[in-house]
1. What percent does the relative contact order of region 22-97 come to when contacts are Cα pairs within less than 8 Å and at least six residues apart?
2. Among 119, 188, 140, which one shows the highest mean-square fluctuation when the chain is modelled as a Gaussian network with alpha-carbon springs under 10 Å?
3. 7 Å from Cα along Cα→Cβ at both residue 311 and residue 260: what's the point-to-point distance in nm?
4. Please label the shape of region 22-97 as rounded, prolate or oblate, based on the square roots a ≥ b ≥ c of the eigenvalues of the alpha-carbon gyration tensor (a/c under 1.5 means rounded; beyond that, a/b larger than b/c means prolate, else oblate).
5. Using a Förster distance of 41 angstrom, determine the FRET efficiency expected from the C-beta separation of residue 291 and residue 197, and round it to 0.05.
6. Over the chain, calculate the relative contact order: mean separation of alpha carbon pairs under 8 Å at least 6 apart, over the residue count, as a percent.
7. Just one of (i) 6, 26, 33, 23, 10, 2, 0; (ii) 4, 19, 26, 22, 15, 8, 4, 2, 1, 0; (iii) 4, 18, 22, 19, 16, 12, 6, 2, 0, 0 is P(r) over Cα pairs in 10 Å bins from 0, in percent calculated from these coordinates, so which is it?
8. For residue 26, project a label point 7 Å along Cα to C-beta. Then give me every residue of region 294-332 with its amide nitrogen under 17 Å of that point.
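Nothing in this text is a laboratory measurement; each read-out follows from the coordinates by a stated rule. Since the model is a prediction, treat every value here as computed from it, not as a measurement. All Cβ positions, glycine included, derive from the backbone under ideal geometry; neighbour counts span all protein chains shown.
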């Protein structure tokens, strides 16, 4: 399916310069040729723990999301050596440059304490991402996890890879964590709106709300308050269970209510919907409802309707989704892109 877009507002201000953080500077990495620098840029989209190793001959290798930092570094060095590198060493680990003579620690970490919390929920700065604070950051990206069908606790789970694109461009990243025992859809939406008001009061110039599955559904619910968010990235929105759930009987009616309630004429909204999603009761009818979310309900809509690259409810977590659409999501939310075609 092709991207679908509706626009009705002026573009946002021109792009600010990204933060000058050494680990983000692919041009500064020694020994690498163009292909290596391109792969280093892909490395910067990976979850932590992560490590990028290279050799004086220009060989490289990287690893990410292994059980611990030591295993990740070991694997990166092994991969570098497997491509013919001698004396392979780790250049970057997580958010820091550790190459001898070029050491640059990560910037000051995110605050350890929640920005706000209540019974069953919290808004938590994520220390696995670069942090600048409301006065220096380009904006805040709030990520909401899904609600696992088996009741597993998703608090603390790392946001999807496309969030790194926003973080690398200067957005602080915070998680909207919920206790599965109290995580009811409409209740969580009210918690979320409270936290977004707090962030706005702290001085963030731009607030982007993103989420997966139930988190994405809550993100769309935040559009019923004008000015609460500047952008939404809703990945596979769902709130009614997987195939066979009795709640599917009213799932489309509830989605229609969420769409009709939206009244954020300055917000730029992305919805990503995937083929073969076991949480989608009617792909074509849901697609029609998502398309109706355009102006005047929101300022601009980018609907990624069943893109070919990935499928399934977890398609947004696939690296191919981020490589194909990550930069475009940032460009669209900030008003510099019309679509992802």
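1. Working: 152 pairs, mean separation 24.2, N = 76.
This gives 32 percent for region 22-97.
2. 119
3. Between residue 311 and residue 260, the simple spin-label model gives 3.4 nm.
4. Working: a/c = 1.81, a/b = 1.14, b/c = 1.59.
Oblate.
5. On the way: r = 29 Å, r/R0 = 0.72.
The calculated FRET efficiency here is 0.90.
6. On the way: 764 pairs, mean separation 58.1, N = 341.
After rounding, I find 17 percent.
7. Correct label is (i).
8. Taking a point 7 Å out along Cα→Cβ of residue 26, the residues of region 294-332 whose backbone N falls under 17 Å are 319-331.
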